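Structure first, commentary second.
The values are calculated or read from the model by the stated rules, or taken from the named source; none is laboratory data. Predicted, not measured: the structure shown is a model, and the values here were computed from it. Glycine gets a Cβ as well: all are built from the backbone with ideal geometry, and neighbour counts include every protein chain shown.
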Amino acid sequence: MMGNNAVAQTGAEVSRPRIWAIGGGKGGVGKSFISSSMGQALAKAGKRVVVVDLDLGGANLHTSLGIRGTEFTLSDYLNGKVTDINRVAGVTDIDRLRLISGASDTLNIANIKYFQKAKLLRNLAHLDTDYVILDLGAGTSFNTLDFFIHADHGLVSVTPDPGSVENTYRFLKCVFIRQLRAVPEQTREMIQQVLMHRRKGGRKAGSLADFLEDITRQKPSVAASIRQELDTLKLHIIVNQVMEPEDTELGRSIQMVCSRYFGTKIGYLGFLHHDRMVLKSLQQRRPFLSTFPQSRLAIHIDTLVASLMAQDDD
């Protein structure tokens with residue numbers, strides 16, 4: 001997880017970009033649309049933005065921005081053809097908005113090596129910009145989870161489709177489990193002991209909240225360490241493609257279920273209505289926000305971005 005919004009360099013404090021990651025457990029929930037639209041909204045607000053296509057093996061963020069591509073791609077950086085990550089961030093037709101295009105050699109890039117992932121994670125903070133938005137692929141691969149956890153804010157896109165809701169819970173559970181790698185070794189050993197004790201007693205794995213209660217009873221200090229690590233994650237639900245009034249309550253429902261089963265709080269950033277003009281803008285290769293800036297959907301995106309920016313300023 002990233003720390004404070006500054007790094008020390010030559011005795012002075014130099015600001016680094018804020019990083020937002022958009023993920024989700026299922027394809028087709030609008031992650032690329034949300035990523036590109038949030039990038040446009042930030043740029044419109046006067047911020048410098050770099051959107052990064054990290055849908056490894058299925059990159060298409062450039063389509064949402066209405067461009068064919070950029071001179072360099074993520075492959076060029078990961079393979080060492082380009083050494084400065086800022087050179088990979090190509091200009092778009094939108095002022096202050098740049099794009100790091102997804103890799104072109106999809107057969108090789110879908111499973112990037114550890115050192116490539118570490119290189120990219122380390123150097124995102126060196127991008128000369130105010131905000132970095134990561135458009136992640138669907139699913140729960142370690143690569144996807146690690147980029148999501150690395151962000152200052154993790155946004156989970158979910159649609160009212162039952163399959164999307166189910167996969168959202170699975171995605172969040174994997175995020176929490178992956179985050180526990182960051183706890184001290186003694187804490188990890190205690191976790192293993194509690195799991196073994198539960199198995200020997202014939203108990204099922206149960207929910208993460210039940211598991212934390214077990215550890216709290218046996219070792220309160222260890223439980224506090226785990227909760228502190230999980231609390232560093234700033235997670236937010238976005239309900240996308242809302243069509244019915246009741247769909248707007250889905251975010252609150254997910255919040256309550258996560259509190260009950262994961263024992264941690266997740267924010268509900270808001271919802272976005274379904275808009276048939278999104279498809280039209282994609283077909284015409286025109287960015288939605290700049291093409292339909294007064295639409296209800298565009299206004300809602302501006303509102304969500306303003307809310308998240310305000311949290312960064314707190």
Requested in this report: Select the helices (runs of 4 or more DSSP H) contained entirely in the range 250-294, then report the ones holding at least 2 residues which are on the phi < 0 side of the Ramachandran plot and of a type in the set (Ser, Thr, Tyr).
Outcome: 250-262, 288-291
Requested in this report: Considering each of Thr140, Thr83, Thr144 in turn, give the residue that is farther than 18 Å from Gln40 by Cβ and in contact with a helix residue (DSSP H, G or I) (Cβ under 6 Å, 6 or more places away or on another chain).
Outcome: Thr140
**Report entry** Options Asp302, Asp312: the member that is surrounded by 13 or more Cβ atoms within 10 Å (Cβ to Cβ), among the acidic types (Asp, Glu) and at pLDDT below 95
**Finding:** Asp312
Query raised in the report: Which condition number does Asn123 fail, the rest of (1) touching a residue at least 60 places away in the same chain (Cβ under 8 Å); (2) assigned to a helix (DSSP H, G or I); (3) more than 26 Å from Phe211 (Cβ to Cβ) being met?
Result: (1)
Report summary line: In the range 103-149, anything modelled with pLDDT under 90 and small (Gly, Ala, Ser) is listed as Ala103, Ser104, Ala110, Gly137, Ala138, Gly139, Ser141
Query raised in the report: Which of the residues spanning the range 260-287 are modelled with pLDDT under 90, loosely packed, with under 13 Cβ neighbours inside 10 Å and farther than 24 Å from Leu172 by Cα?
Result: Gln283, Gln284
Query raised in the report: Would it be correct to say that Lys234 is among the basic types (Lys, Arg), in contact (Cβ under 8 Å) with a residue 40 or more places away in the chain and crowded, with 16+ Cβ neighbours inside 10 Å?
Result: yes
Query - Restricting the range 40-67 to residues that are in contact with a Lys or Arg (Cβ under 8 Å, 6 or more places away or on another chain) and assigned to a loop (DSSP other than H, G, I, E, B), the residue that is nearest to Leu120 (Cα to Cα) - result: Asp55
**Report entry** Contacts under 8 angstrom Cβ, first residue in the range 250-267 being within 18 Å of Arg227 (Cα to Cα), partner aliphatic (A, V, I, L, M) and in a loop (DSSP other than H, G, I, E, B), 6 or more apart
**Finding:** Gln255/Ile266; Cys258/Ile266; Ser259/Ile266; Thr264/Leu233
Query raised in the report: Quick check: anything in the range 133-149 among the acidic types (Asp, Glu) and in a helix (DSSP H, G or I)?
Result: yes
